[in-house]
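The values are calculated or read from the model by the stated rules, or taken from the named source; none is laboratory data. It should be emphasised that the depicted structure is a prediction, and the values quoted were computed from it without experimental measurement. Please note: Cβ atoms are built from the backbone with ideal geometry, for glycine as well, and neighbour counts cover all protein chains shown.
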Amino acid sequence: MKVICTEKSQILATSLARALKTTVVEVKYSRFPDGEQYLITGELDEQTIIVGSVVDNDALVQLILMVDACDSSENLLVVPYMGYARQDKRFLPGEPVSARAVAQVLSRGVSEIITVNIHEKEVLNYFGVPARNISLAPDIGDYIGALNLSNPLILAPDEGALVFAEEVASAGGWDFDHLEKTRLSGVEVKMAPKQLCAASRSVVIVDDIISTGGTIATASEMLYQQGAKDVFAACVHGVLTGGAFVRLIAAGVRDVICSDTLERANSKISAANRIALTLKMPDYNKKFR
């Protein structure tokens with residue numbers, strides 16, 4: 001069993017191979033004059049773990065080509081970040097269900113799929129092979145614990161992310177809550193924890209994805225006004241589009257903590273150990289252990 005990866009998931013794949021005590025297959029990438037992608041792999045095993053985050057359209061095409069190059073129905077596909085997963089249903093007539101379209105394409109040529117904190121677990125039903133989602137909430141909790149914060153408060157940005165915040169908080173037995181918006185006027189909105197007080201506490205706002213960072217930046221400024229000692233932001237998938245990192249730091253966020261599902265300079269948590277532990281579980285397919 002070997003690990004192989006696309007260009008955007010090299011660091012995570014290398015860490016996973018180390019955790020599994022195996023090697024990463026070398027891949028050579030190039031393009032044809034018309035821009036089409038080409039790749040050729042090194043020597044493969046009968047069973048291969050393919051690692052590739054769908055971070056953009058090129059990454060998706062590269063992952064499709066890699067699955068085909070591995071050419072075995074016994075391969076396992078790990079999709080640490082799955083772009084298009086947020087369009088999981090049709091909201092307007094004529095729209096594609098993008099999550100379904102991508103899931104069906106990625107199911108061809110593999111026997112099983114692992115995702116990491118996919119935005120909606122219902123997307124797993126769109127895959128044509130058995131699919132399992134794993135959560136890095138415990139890993140984020142462990143990282144927060146190592147910061148040695150005094151009496152931290154774990155906050156979800158909205159009620160929909162409260163379960164994730166609870167998972168993170170359980171690592172240290174910390175308080176958790178979610179932010180609630182209160183409209184004060186036509187243009188003024190207040191954001192504060194729904195039940196708990198942030199005054200004199202270190203607050204960690206957690207979510208599965210940070211994209212533009214707008215909500216967290218606004219919340220950070222208001223939490224400081226409410227007496228918070230300091231504010232951190234932590235997520236699994238650090239998309240960080242449109243200058244999000246700078247926006248968050250400017251709003252007083254002390255640190256933005258992400259995992260390596262999207263490989264960033266601030267990827268301080270690795271999904272590798274959690275994926276490796278999943279593969280070693282007794283109820284998992286024996287050929288990958």
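The figures follow:
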item: Every residue from segment 72-96 that is more than 18 Å from the chain's Cα centre (by Cα) and surrounded by fewer than 19 Cβ atoms within 10 Å (Cβ to Cβ); result: Ser72, Ser73, Glu74, Lys89, Arg90, Phe91, Leu92, Pro93, Gly94, Glu95, Pro96
item: Single residue of Ala198, Ala272 found to be modelled with pLDDT of 95 or more and not aromatic (Phe, Trp, Tyr); result: Ala272
item: Search result, residues across segment 203-219 that are small (Gly, Ala, Ser) and in contact with a Lys or Arg (Cβ under 9 Å, 6 or more places away or on another chain); result: Gly213, Gly214, Ala217
item: Complete set of residues in segment 3-48 that are closer than 13 Å to Ala276 by Cα and either touching a Leu at 6+ places or on another chain (Cβ under 7 Å) or surrounded by 13 or more Cβ atoms within 10 Å (Cβ to Cβ) (or both); result: Val3, Leu12, Ala13, Thr14, Ser15, Leu16, Ala17, Arg18, Ala19, Leu20, Thr22
item: Candidate set from segment 44-62 (those that are among the aliphatic types (A, V, I, L, M) and part of a loop (DSSP other than H, G, I, E, B)); member that is farthest from Val102 (Cα to Cα); result: Leu44
item: Flag if Val51 is touching a residue at least 24 places away in the same chain (Cβ under 8 Å), assigned by TED's automatic domain parsing to the domain that holds Arg86 and surrounded by 15 or more Cβ atoms within 10 Å (Cβ to Cβ); result: yes
item: Some residue of segment 20-43 being of a type in the set (Lys, Arg), farther than 19 Å from Asn75 by Cα and in a helix (DSSP H, G or I); result: no
item: Residue selected from segment 209-266 under the condition in contact with a Gly (Cβ under 7 Å, 6 or more places away or on another chain) and either in the same structural domain as Ala85 (by TED's automatic domain parsing) or not hydrophobic (A, V, I, L, M, F, W, C) (or both), by the criterion nearest to Cys197 (Cα to Cα); result: Tyr224
item: Sole residue being surrounded by fewer than 20 Cβ atoms within 10 Å (Cβ to Cβ), at pLDDT below 95 and outside any loop (DSSP other than H, G, I, E, B), chosen from Ala69, Ala99; result: Ala69
item: Hits in segment 102-117 - residues which are of a type in the set (A, V, I, L, M, F, W, C) and part of a loop (DSSP other than H, G, I, E, B); result: Val110
item: Failed condition for Arg254, given (1) under 17 Å from Ser135 (Cβ atoms); (2) in contact with an Asp or Glu (Cβ under 7 Å, 6 or more places away or on another chain); result: (1)
item: Some residue of segment 253-276 being of a type in the set (Gly, Ala, Ser), in contact with a Cys (Cβ under 6 Å, 6 or more places away or on another chain), part of a strand (DSSP E or B) and under 23 Å from Asn148 (Cβ atoms); result: yes
